[in-house]
Structure formats: C-alpha cells, structure tokens
Amino acid sequence: MVAIGRLRCKESTRRLERLLTKGRARVLSMILSELGGRLFVSVATIVAQAPRRPSEPDARCGIDLGIGPEWAVVAHADDTIERITHPAPWAAVQQQRRRLARRLSRRVVGSRGHRQAKAKLAALDRRTANLRRESIHTLTTRLARRYGTIVVEDLDVAAMGKGMGRRAFRRSVYQAGLGRVRPTLAYKTSWAGGQLVVADRWLASSKTHHGCGGYLANLRLGQRVWVCPACGQLVDRNANAALNLRDWTGPVSDRDVQRGGVAAPVPLVGDHDGQAHAPGVGVRDPVRPPYVAGVDDTTTNPRTWGAEPRTGVSGR
C-alpha cells in the first residue's frame, strides 16, 4: 500500500464536513481513480436523511425517454407536456470526436503533439459526460421533489444497443444515457418520500392512442407522428407515450423492485455477529481464479480445477 498524502480538492467538501462534525454521516471508504486525465476521489458515506415529503404527494407523472432531438418527454399531472432536449447532441459531438481522433492518429506516439491531441480528445469526452450527467440529475431531482409517483418504462438498454442493425443507432443509445435515469430516480424518490413505478416492458405506450385507445400495429421507429385508425386524430408519438405511462396502473412485481422500481432493499453495513455482511446480502461463493499455463505446459486441452495433474503439466 502506497501513502498518497493530502490532495487538493476542486469541489467544496463543506457539506460533508458539517455532516461528519454533527455525527449525521460516516465515511465507509474512499477510492482514488483517474478518468479523462483527471484524478477523482469517490467518498462512500452513510448519511442520516430526515424524512421528506413531495410537494404534490398524490400527483403522478410519466417520462418517455428517446434518442432523437427530444431526449425526455414528461407528462405532468395537469396534462401539460414538457419536452427536454439533450444538452450535448450526439451527432455534433460524434463529428467533433471523429475529427480529434483522426488528428490524434496522425501524431507520433510520445511526442508533445500526441499528448496535446490526446488531452483535447479526453476533454471533449469529459465535457459530454458532464453535460449528460448534469441533465440527468437536474431532471430527476426536480421530479422527485415534486411528484409522489413517477412512472418510467422498463427499457432493455443492452438489447437496444446490441439488437439494432445500424451502428449509428446503437451508438446513439449509449450516448443518450438512457440507462442512468431509472437508477437515479430509484434512490432520489426514496429520499424525497415518493415512489418509482416501472411500467411493463411490453406496454405499447407509443402504439396506443391515449385519447380513444386506438392501436396502430405497424408503427415504424422513425415515425414521430401517426394517425389514429379509430378516431382519425393526429397523434404525437412521444407525448402520447408519456401520457400512457403517467396513467399506467399495472401491478409492480418483485422483479421490478429488485431492478430499480419502487424501493430497492439497502444492504446492511456494520458488524453482524462477527460476519462481514448480513446473511443473504451481497455474499457469493468463492470463485477460483482461471488456470494459467506454466512454462513447461505442453498439453493441448486446458487444465480444470479439481482434476488430477497430467503428464508434462506443472502443478500449481
């Protein structure tokens, strides 16, 4: 273990110092990491939160997330629709990143120009991530403090990123940060005194008209506006999906609770009769590391743990 010593922090730590002085917080661990050419210190703490209550505890809202110009569409309780654009459009960012990456590839590795080009590329990635993170926290904090019930859709972001055909679409899914909204709402709603409801993954929120219940089966992905086959009304895809999510009242299963719905169980921390963790919380069976071939290993088939050593295979 290497002692690093004191580090100068760019962000204010007065709030954490006040909580520690008053005895309302306890530091568990501190992790020093490097990201984008900068050092970050993550402080894991337990903070005693005072019970809170949303400003509108009986109201509901629905959030529809997307990868187009409208990053998030929120259907409020008073039937108003709020459209939020992404702070860092991924099309323009990708064009800048491609230009900087091409400039980096033309530099000699180890030269001053290579270091400067690498720093510019890291600064662009860092700024894009910071803008996306700030937008997520601003939206989730405002909604969690206002509404008692927030409904989101159960998105399979991994399947969206892998199953789509076009490479640009898969890249846009990951750059939009859709998978971070739901976990952030999960803990912020519990702090604010509300609840997070996860709608069914197979809910046809975009294909079902919120007004009359008409259903359009052959709705294409790039079709932002469609005509209802039942009433003939022009329907906005994103706003209609947000309204359907707001009014969704289906059951919440245990699977939704474990994956970030309503309230996820918090692991116990501390001494539990001499055990490091509480029984059944974060405890796994010991996993043996993979076998690494030795210098004199001449066998074709790799050795498995528990098997007898073969001829010509060095023991471990």
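The values are calculated or read from the model by the stated rules, or taken from the named source; none is laboratory data. From a predicted model like this one, the values you see are computed outputs, not experimental measurements. Neighbour counts are summed over all protein chains in view; Cβ atoms, including those assigned to glycine, are modelled from backbone coordinates with ideal geometry. The area values use the complete protein model at the heavy-atom level, side chains included, leaving out ligands, DNA and RNA. Shrake-Rupley method; radii C 1.70, N 1.55, O 1.52, S 1.80 Å.
Numbers below:
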quantity: Those residues of segment 32-49 which are under 25 Å from ASN130 (Cβ atoms) and open to solvent by less than 100 Å² (accessible area, probe 1.4 Å), in sequence order; calculated: LEU32, SER33, GLY36, GLY37, PHE40, VAL41, SER42, VAL43, ALA44, THR45, VAL47
quantity: Residue ranges of strands (runs of 3 or more DSSP E) in segment 161-252 with at least 1 members touching a helix residue (DSSP H, G or I) at 6+ places or on another chain (Cβ under 7 Å); calculated: 195-198, 225-227
quantity: Search result, residues across segment 77-98 that are surrounded by 13 or more Cβ atoms within 10 Å (Cβ to Cβ), farther than 19 Å from TYR174 by Cβ and either without any contact (Cβ under 8 Å) to a residue 40 or more places away in the chain or in contact with a His (Cβ under 6 Å, 6 or more places away or on another chain) (or both); calculated: GLU82
quantity: Condition broken by GLU17, with the remaining ones in (1) open to solvent by 80 Å² or more (accessible area, probe 1.4 Å); (2) of a type outside the set (Lys, Arg); (3) touching a helix residue (DSSP H, G or I) at 6+ places or on another chain (Cβ under 6 Å) satisfied; calculated: (3)
